[in-house]
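A.B. asks: Quick one: the structure is below, questions incoming.
The values are calculated or read from the model by the stated rules, or taken from the named source; none is laboratory data. The shown structure was predicted, so the numbers you read here are calculated from the model rather than taken from an experiment. Cβ sites come from the backbone with ideal geometry, for glycine too, and all protein chains shown count toward neighbours. Just the protein is used for accessible areas: all its heavy atoms, side chains included, with ligands, DNA and RNA removed. Shrake-Rupley method; radii C 1.70, N 1.55, O 1.52, S 1.80 Å.
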Amino acid sequence: MSPLQGWIARAIVRGHHWRNSFRVRLLALGLIAITGTAVALTYTQSIQMREALLVELHARARTDGQLLNAMFAAPLTERDYASVADAVRESVRAGSFEALLLCDNRGMVITAAGPLSDCGGPVVPFKGLSLPQADGTVLQLFEVLLSFEGQRLGRARFAFSLAAIDHIRHELMTRVIVISSLAIAAFMAAFAVAQRQVIRPLGQLVQAAEAIGQGDYSVRPRISRRNSELTILASALSRMATDIEERVTELALARDAATASDRAKSLFLANMSHEVRTPLAGVLGMLDLARPGTTDPVVREYLDTAEHAARHLLTIVNDILDFAQLEKGRLAVTSAPFSVRELVESTIPLVAAAAEERGNSLEVRIADDLPRQILGDEGRLRQVLLNLLSNAVKFSSQGRVSVEARTVDAGHRLLLTVADTGIGMAPEMQQRIFESFVQADESIGRRFGGTGLGLPICRQLLTLMGGSISVESSPGRGSLFTVDLPCRAVVDTVPSAAGPAADRPLGARRILVADDAPTMRILLQALLTRDGHTCDLVDDGNEALAAVQANDYDAVLMDVQMPHLDGLAATRLIRKAEGPRSRVPIVFVTASAMAGDEERFLAAGGDGYVSKPIAPDVLRTVLAKALARRRTA
């Protein structure tokens, strides 16, 4: 920007500021008021003065008409036109009239003096007739009949000049203008005093208010004590600034405390997820490893009971942690192709044993026109369906539990319904059950267990997926839960021959396992060894880094949370190194996958992750994808 442009811009800004200034507006209003009053007064006085002078002129005209009749009646009767002409000229010369014209009954001029010379022309009204002259003056014309003893002798037309009236009007206007100028000068002087006593302090108050509005709470306006009202206003503004400053400080402290509390809660959730799920994952994994080698039915029953209890505890822990993540908005859903038919058919076996134990039959109905695959979050939808099926089985005895999958709205909506013949619920409880920590009856928790979080979590998960959940129920007649979701069908494509399949053997691999939990190291070693792999075990990120730098591994299973050096930091250091060992596939092992974790894992250099408790088939699939990803990188 050139200096000239900058000066113009500043001038425009100052002009806008000056135009919007209170004192400019007050000054303008005062000047407009005084000038308007002066103009109105001048105009009114001028009109009134002219009317008064015209009235006076009319009265004079009536009197002069009578005198003219008396003056010229006898000479005209005697036809002494010479003396009539002399009298007319003398009257005009003496200034009694501006013009005088005598006409006989035939309209012929008897004698005339001044600018009047025609007995014709317009009829002269009683109030007279204005006659503009070539020199700019205006004559007021009057007419009177001349008669003697009832005999009409003719007419007399006489005119007065309005110059005197105009002169008086001009003098009046001059006086009014002088008085108005003096009033404006007095107003300007009063305004200057007011500016010093009122407007300038008001400007200081405005500047102080603007500073406070922009966050400068240290400003304190100083007003002379002679302005008592403004001093009170300034004191109130200062107190307000002090109160706001204290409040802002309190809010900042509260915000910092809330932020620290939020960070602490996030850290607590992560630690809880790791510290609780990790041992549970170890328990479930060990039970799964122990079952195939046990032939004693009593021992197998013990193992089944222990696994059931561990999975029940894991469900409660998952519900609490998921609920906390949902409340913080950290739980996200994904979108990937999956088969609704396979999801339903693979979920039913998870509740089959509990249904059989309670004497319930399971029915599955899947519509033939259901798309082969749709887009959505298979894991979260399985969580919802499993929760609904578990509740249906839990609250039914010697009854029936059915699940149905179909599409509506021309295939644009997917409906999943779970019906049971269980205890049902009253109408007033059918909305409350979707509230956190609420169950249909206090005795429900004692009889059937549960935290009251399953259905609220289902509703929030479905909301994240763009769907909804509803219930129809009556006491003693069972319940019907309906899940309504968008159905975005996936067009079938020919699968690529390239890329590993979940069930394709990986072959014997050398894999490094890094986990600080001894149980998880033993479990992962057992799972990998069962698939023909060899394993090295370390319990710290530093040891993992040293092992990768010293050995050639086909893959690394890296726990996210470890002491001294966590899995993410260790992975970043591995990727920063040079050579082929820095490109080893790394799969993270995490106790909880929160919103944004996948991106965080990939950004750290990971090739995938598995969540605890670890399912063997999921571990195989993730390892296969990680190896293929590094081969094609």
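A.B. asks: Check off (1) part of a loop (DSSP other than H, G, I, E, B); (2) open to solvent by 80 Å² or more (accessible area, probe 1.4 Å); (3) out of contact with any helix residue (DSSP H, G or I) (no Cβ under 8 Å at 6 or more places or on another chain) for Arg62 and give me the number that stays unchecked.
C.D. replies: Here Arg62 clears every test but (1).
A.B. asks: Please go through region 499-515 and give me each residue that is modelled with pLDDT of 90 or more and under 51 Å from the mean Cα position of the chain (by Cα), ordered by number. Before you say what the answer is, go through the steps one by one.
C.D. replies: If we filter region 499-515 for residues that are modelled with pLDDT of 90 or more, which is where we start, we get 509-515.
Answer for region 499-515, where residues must be modelled with pLDDT of 90 or more and under 51 Å from the mean Cα position of the chain (by Cα): Val513, Ala514, Asp515.
A.B. asks: Of all residues in region 96-122, how many are over 16 Å from Phe142 (Cβ atoms) and either in a strand (DSSP E or B) or open to solvent by less than 60 Å² (accessible area, probe 1.4 Å) (or both)? So that I can check it myself, show each step before the final result.
C.D. replies: Residues of region 96-122 that are over 16 Å from Phe142 (Cβ atoms), as a first pass: 104-111, 117, 120.
Adding the requirement that they be either in a strand (DSSP E or B) or open to solvent by less than 60 Å² (accessible area, probe 1.4 Å) (or both) leaves 104, 107, 109-111, 120.
Final tally of qualifying residues: 6.
A.B. asks: Another question about this same structure. For Thr571, indicate whether it is within 22 Å of Gly379 (Cβ to Cβ) and either open to solvent by 60 Å² or more (accessible area, probe 1.4 Å) or polar (S, T, N, Q) (or both). If you could, list the steps in order and put the result at the bottom.
C.D. replies: Details: within 22 Å of Gly379 (Cβ to Cβ): no; either open to solvent by 60 Å² or more (accessible area, probe 1.4 Å) or polar (S, T, N, Q) (or both): yes.
No: the conditions fail for Thr571.
A.B. asks: Next up: Could you please find all residues in region 520-538 being open to solvent by 60 Å² or more (accessible area, probe 1.4 Å) and part of a helix (DSSP H, G or I)?
C.D. replies: Of everything in region 520-538, those that are open to solvent by 60 Å² or more (accessible area, probe 1.4 Å) and part of a helix (DSSP H, G or I) turn out to be Ile522, Gln525, Thr529, Arg530.
A.B. asks: Condition check: in contact with a strand residue (DSSP E or B) (Cβ under 7 Å, 6 or more places away or on another chain) and not basic (Lys, Arg). Does Leu182 satisfy that? Let's see the steps before the verdict.
C.D. replies: Values: in contact with a strand residue (DSSP E or B) (Cβ under 7 Å, 6 or more places away or on another chain): no; not basic (Lys, Arg): yes.
No.
A.B. asks: Another question, if that's okay. Here are some residues: Ala11, Ala40, Ala52, Ala73. Which one is at pLDDT 75 or above and open to solvent by less than 40 Å² (accessible area, probe 1.4 Å)?
C.D. replies: Working: Ala11 fails: at pLDDT 75 or above; Ala40 fails: open to solvent by less than 40 Å² (accessible area, probe 1.4 Å); Ala52 fails: open to solvent by less than 40 Å² (accessible area, probe 1.4 Å).
Only one candidate qualifies: Ala73.
A.B. asks: Sticking with this structure for a sec: May I ask you to list pairs of residues, at least six apart or on different chains, whose Cβ atoms are under 6 Å apart, with the first in region 94-112 being farther than 18 Å from Leu57 by Cα and the second being open to solvent by less than 10 Å² (accessible area, probe 1.4 Å) and in a loop (DSSP other than H, G, I, E, B)?
C.D. replies: That search, which allows pairs on different chains as well, returns Cys103/Cys119; Gly107/Cys119; Val109/Cys119.
A.B. asks: Here is a follow-up. Within region 350-375, how many residues turn out to be exposed (fewer than 14 other Cβ atoms within 10 Å of the Cβ), under 13 Å from Asp420 (Cα atoms), of a type outside the set (Ser, Thr, Tyr) and more than 52 Å from the chain's Cα centre (by Cα)?
C.D. replies: Number satisfying all stated conditions: 1.
A.B. asks: What do you reckon, is Val384 within 15 Å of Gly467 (Cα to Cα) and free of Cβ contacts under 8 Å to residues at least 24 places away in the same chain?
C.D. replies: no
A.B. asks: Right, another one. For region 400-419, enumerate the residues that are over 18 Å from Cys458 (Cα atoms) and open to solvent by less than 20 Å² (accessible area, probe 1.4 Å).
C.D. replies: Scanning region 400-419 gives Val401, Ser402.
A.B. asks: If Pro125 satisfies all but one of (1) surrounded by 15 or more Cβ atoms within 10 Å (Cβ to Cβ); (2) farther than 30 Å from Gly36 by Cβ, what's the number of the condition it fails?
C.D. replies: Condition (1) is where Pro125 drops out.
A.B. asks: If I ask for residues that are open to solvent by 40 Å² or more (accessible area, probe 1.4 Å), under 20 Å from Leu54 (Cα atoms) and among the hydrophobic types (A, V, I, L, M, F, W, C), which ones from region 139-188 would you list?
C.D. replies: Answer for region 139-188, where residues must be open to solvent by 40 Å² or more (accessible area, probe 1.4 Å), under 20 Å from Leu54 (Cα atoms) and among the hydrophobic types (A, V, I, L, M, F, W, C): Ala163, Ala164, Ile168, Met173.
A.B. asks: Applying the selection to region 128-138, what residues are open to solvent by 50 Å² or more (accessible area, probe 1.4 Å) and not in a loop (DSSP other than H, G, I, E, B)?
C.D. replies: Correct list: Ser130, Pro132.
A.B. asks: Here is a follow-up. Which numbered condition trips up Ile511, out of (1) open to solvent by 60 Å² or more (accessible area, probe 1.4 Å); (2) outside any helix (DSSP H, G or I)?
C.D. replies: Condition not satisfied by Ile511: (1).
A.B. asks: Among the candidates Leu557, Leu568, single out the residue that is over 20 Å from Thr334 (Cβ atoms) and part of a helix (DSSP H, G or I). Write out each step before concluding.
C.D. replies: Values: Leu557 fails: part of a helix (DSSP H, G or I).
From the options Leu557, Leu568, the qualifying one is Leu568.
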